[in-house]
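One structure is given below, encoded as structure tokens.
The values are calculated or read from the model by the stated rules, or taken from the named source; none is laboratory data. Worth saying up front: this structure is predicted, and the values here are computed from it rather than measured. Note: ideal-geometry Cβ built from the backbone for every residue, glycine included; neighbour counts use all protein chains shown. Surface accessibility is based on the protein's heavy atoms, side chains included, excluding ligands, DNA and RNA. Shrake-Rupley method; radii C 1.70, N 1.55, O 1.52, S 1.80 Å.
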Amino acid sequence: MATDKTMVQTDSTPTTMLTVRMIMQGKEVGSIIGKKGDNIKKFREDSGAKINISDGSCPERIVTITGSTECIHKAFTMICKKFEEDLQNTPTVPKPPVTLRLVVPASQCGSLIGKGGSKIKEIRETTGASIQVASEMLPNSTERAVTVSGTADAITQCIRNICNIMLESPPKGATIQYRPKPVVPPVIFAGGQAYTVQQGQIGLQAPELSKLHQLSLGQAIPLIPQSQTIMPVDHRMIPAMTAQGIPAMAYQRPNNTAIPNSHHQQQSHEMAIPNDLIGCIIGRGGQKINEIRQMSGAIIKISNAEDGAADRKVTITGSPETIGLAQYLINTRITTEMCGLGIR
């Protein structure tokens, strides 16, 4: 958490701008962003705070909230309420508390803890929230994780207390911010060849890279079952995410379609991609679709746009394995495009 030197004059009363940083996982980030970015747009507008989210190349994401203490309070109120609603909709009994992981400069943690732990004890008692300060600094940084858990109201009050303490005790010296490490680029085998997936290539996010890494190690992963085929893509199924943050593929059995068992026999499958999403599949100058062709080993053809048609037909030809990987990569591109809405 940092204090911005910029002062904003409001009714002759200066307001110090603060920046609060948090570590979140993909599922939590998805909840903040919401469908088509609706949630994060509302949070920004209603709170007046700036809310930014780091890119999806790492398992962990950094959510940064900047604004006056009042704006930050409003933003956390809405975010915590959303997380509390998500937990209420889970079948877990008893319901777990809302938990946030703040990132605070180590030089400010002493003030947060207080002499003999007096300050942190006071915060716990007055807000009802649980608060713990990590003893070790986060990797390659001078910051520590501060974990806050409890009800949405308790956490919001706890954050307000933490902000006040940070204002009274600015960080000392230079702060080296914690930056999550990206996943190691995996090697995947497709079409009889090995390919390295570079960071940012075809827009793969951490869970997808992990899954492809398992594929490179020869582990069995049911990308597309041989007895099934993927449903035509439409807006209602995008983005569908599993609890682990992996795009949830929707399948349907083909009618009276015999799927040969031979790995070498060529097959063809069709997908319907909405017109407004076909661009993210093709990429500038056809770069993305060429990458998908090369990585999967499948032959992929995209139909021309037809007047009045809402979708474009994508025909994938190859073995069951190459078709499955091509479908997976296409759906990953679509999911990444949709999840990216609202991220600045």
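Only aspartates and glutamates eight or more places from residue 95 in sequence, or on another chain, were considered; those with a Cα closer than 16 Å are 84, 85, 86, 153. The C-alpha radius of gyration of the stretch 14-140, expressed as a fraction of 2.2 N^0.38 Å, stands at 1.13. The protection proxy used here, the mean number of other Cβ atoms lying within 10 Å of each residue, ranks peptides 324-333, 88-97, 73-82 as follows, highest first: 324-333, 73-82, 88-97. Distance check, please: which entries in 27/119; 50/288; 42/301; 82/119 exceed 30 angstrom between their Cα atoms? Going by Cα-Cα distance, 27/119; 50/288; 42/301 fall outside the 30 Å limit. Straight-distance candidates among the aspartates and glutamates for linking to residue 181, with alpha-carbon spacing under 17 Å and chain neighbours fewer than 8 residues away dropped: 55, 60, 143, 208.
By definition, a body whose alpha carbon gyration tensor gives a ≥ b ≥ c is oblate when a/c is 1.5 or more and a/b is not larger than b/c, and the stretch 51-97 fits this oblate description. Computed packing ranks the peptides 282-290, 143-151 as 143-151, 282-290, most packed first, by mean other Cβ atoms within 10 Å. Taking a ≥ b ≥ c as the square roots of the eigenvalues of the alpha carbon gyration tensor, the stretch 108-169 is prolate, as a/c is not under 1.5 and a/b beats b/c.
With protein chains left intact and a 1.4 Å probe, residues in the stretch 52-102 average 45 Å² of accessible area per residue.
Give, as ranges by residue number, the residues of the stretch 22-47 whose backbone N falls under 11 Å from the point 7 Å along Cα→Cβ of residue 276. Taking a point 7 Å out along Cα→Cβ of residue 276, the residues of the stretch 22-47 whose backbone N falls under 11 Å are 36. Ranked by the mean number of other Cβ atoms within 10 Å per residue, highest first, peptides 291-299, 127-135, 305-313 order as 291-299, 127-135, 305-313.
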